[in-house]
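The values are calculated or read from the model by the stated rules, or taken from the named source; none is laboratory data. Owing to the predicted nature of the structure, the values given are computational and were not obtained by experimental measurement. Neighbour counts are summed over all protein chains in view; Cβ atoms, including those assigned to glycine, are modelled from backbone coordinates with ideal geometry.
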Amino acid sequence: MASRSTNILSRASRIRQKLQSALEASSLEIEDVSYQHAGHAAVKGDANETHFNIKLVSPKFDGQSLVKRHRMVYDLLADELKTGLHAISIVAKTPQESGMSKS
C-alpha cells in the first residue's frame, strides 16, 4: 500500500518532485492556472490541475538552448502529460541569467 501514497499527491506536488530531483532547481515556482481554462474544449468536465505556469532556475540549463531547456522539462513531465496535464508555460533560466549566481 505504500506505493499508493504517490498517487495521492497532487499533480503540482508530483511536478515539483520530478523537476526538483532531476534538475536540482535552486528556485522552482509552480502555479496552477487551470481555473483560467475552465470550459475550454480540451478541459473535460471539472478537471483540475490541467494548466500550470512553471518558473525554474537550474544549473543543468547551462549551455542549453531555450528549446532544449523546454524539452528537458517536457520529457520529465511526459507521464503527467499523458494523464491529464494539458498545458504548461515554462520560464527556464540558469543561475547566472536569474541573478542567483554567486560569481
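Taking the criterion of being exposed (fewer than 11 other Cβ atoms within 10 Å of the Cβ) and farther than 20 Å from residue 9 by Cβ, the residues of the range 76-103 that qualify are 99, 102, 103.
Within the range 45-75, the residues that satisfy the criterion of being surrounded by fewer than 19 Cβ atoms within 10 Å (Cβ to Cβ), under 15 Å from residue 24 (Cα atoms) and either at pLDDT below 95 or charged (D, E, K, R) (or both) are 55, 60, 62. If you go through the range 49-72 and pick out every residue that is within 18 Å of residue 33 (Cα to Cα) and either outside any loop (DSSP other than H, G, I, E, B) or in contact with an Asp or Glu (Cβ under 7 Å, 6 or more places away or on another chain) (or both), you end up with 7. In the set (1) farther than 16 Å from residue 16 by Cβ; (2) at pLDDT 90 or above; (3) not β-branched (Val, Ile, Thr), the condition left unmet by residue 41 is number (2).
The residues of the range 82-103 that are within 13 Å of residue 29 (Cα to Cα), among the aliphatic types (A, V, I, L, M) and either in contact with a helix residue (DSSP H, G or I) (Cβ under 9 Å, 6 or more places away or on another chain) or at pLDDT below 95 (or both), listed by number, are 88, 90, 92.
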